Structures are given as C-alpha cells and as structure tokens.
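**Student:** Before I ask anything, let me first share the structure, which is written out below as structure tokens.
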Amino acid sequence: MNQELITNIAKLRTCVAFLGEKEQHNWWSSSFLSKTGEAFLNPVFPKTSILARINGASAAAQLVHDEHIGIGDVHHLFRLSETIEHQITQLLSKDYSIDGCIDSDDEAISQLKSLADEENIQAVGPLLLDQNDINKTVIKKMASAYLAGFHNNEAVYPYYRGTL
C-alpha cells in the first residue's frame, strides 16, 4: 500500500479520534488526546507517547464503531486489515507528525476538510460506503461523512465491506 494513503489514514484516524473524545463531541468517553491525557501518558511512555495516546483514543472509537456497525466482514476507520494496522503503527512509532490534528477543534476540522477534498456526504449512524469507491475515494468519503457528523453533532460511522 502506498505511503501517502497510510499517512492520510493515520491523519484521518487521529483527527476523528480527537474530535470524538468527550472534551470535543463526546462520541466516545476517552480523553487520551486531551492535555490531561498528554500529562498522564508522557511520563509513562516518554518515547512513544503520541502512539499510546492515538492508540488509546482509537481503541475507544473502535468499541463505539463496533457497537453500531457490528463485527464481521466489515471494516471502518478504527478496524482495518492487519496489514494496514501494522503500517499505521509503524508510521506512528517513527517520525509521524500529527500536523495540529489534536491542537484544537478548528485545526482538526480543517484537516478533515482537506482530506474530504470537496466530497460532500451527509449521514447519521452507520454508513455503508459503495464497494466501487474502496480503493479510489474511501478516505475522502469517510472524511466528508465525519466532517458533516461533527458539524451537525450527529454521530456517523462509515464502514465498508472488502479490503482497502
């Protein structure tokens, strides 16, 4: 899988994980990406703090997504194939820059707008993405759906069948 796609998935995951936490839109009840989470985890994981924080918030988001979508032959932003998950972990454990995704709501929303790239999807709850879009525009469609969800304060859970 190309590095640009993995980077965009990691950025999308980070922004959505941050925006969904209880201090922002309260879609899941974690605070790993808050200043409190940073203060708590930095001493425990001095070299891999950002990886630990993103993984913690992602695990909380995964549980909520799984509750709404189900588990099985489906994938979503927080439950991807083992290969992609491994590549994301490698990226996050190296020199990954979160580019302001967790600095503020406005910055995270700006990052989502950039990833959505003019795509416009409105939905509430589970959203099955078209199989034909998986390899072409799935990141844009996910970013757009989450962006609209955060804007409207309506939780959305985009998912797809098959492999990315």
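**Student:** Quick one: compute the contact order of the chain, relative version, from alpha carbon pairs under 8 angstrom and 6+ residues apart, as a percent.
**Tutor:** 27 percent
**Student:** For the chain, please report how many Lys pairs fall under 28 Å Cα to Cα, leaving out neighbours fewer than 8 apart on the same chain.
**Tutor:** Lysine pairs meeting both conditions in the chain amount to 25.
**Student:** Something else about it: Which helices, counted as full DSSP H runs in the chain, have an axial Cα extent of no less than 20 Å and a Kyte-Doolittle average of 0.0 or above?
**Tutor:** The qualifying helices are 3-20, 49-69, 134-152.
**Student:** Here is a further query. Does region 7-164 come out rounded, prolate or oblate by the C-alpha gyration tensor, with a ≥ b ≥ c the root eigenvalues, rounded set by a/c under 1.5 and, if not, prolate when a/b is larger than b/c and oblate if not?
**Tutor:** prolate
Rule-based calculations on the coordinates, nothing more; no lab input. All values derive from a computational prediction rather than experimental measurement.
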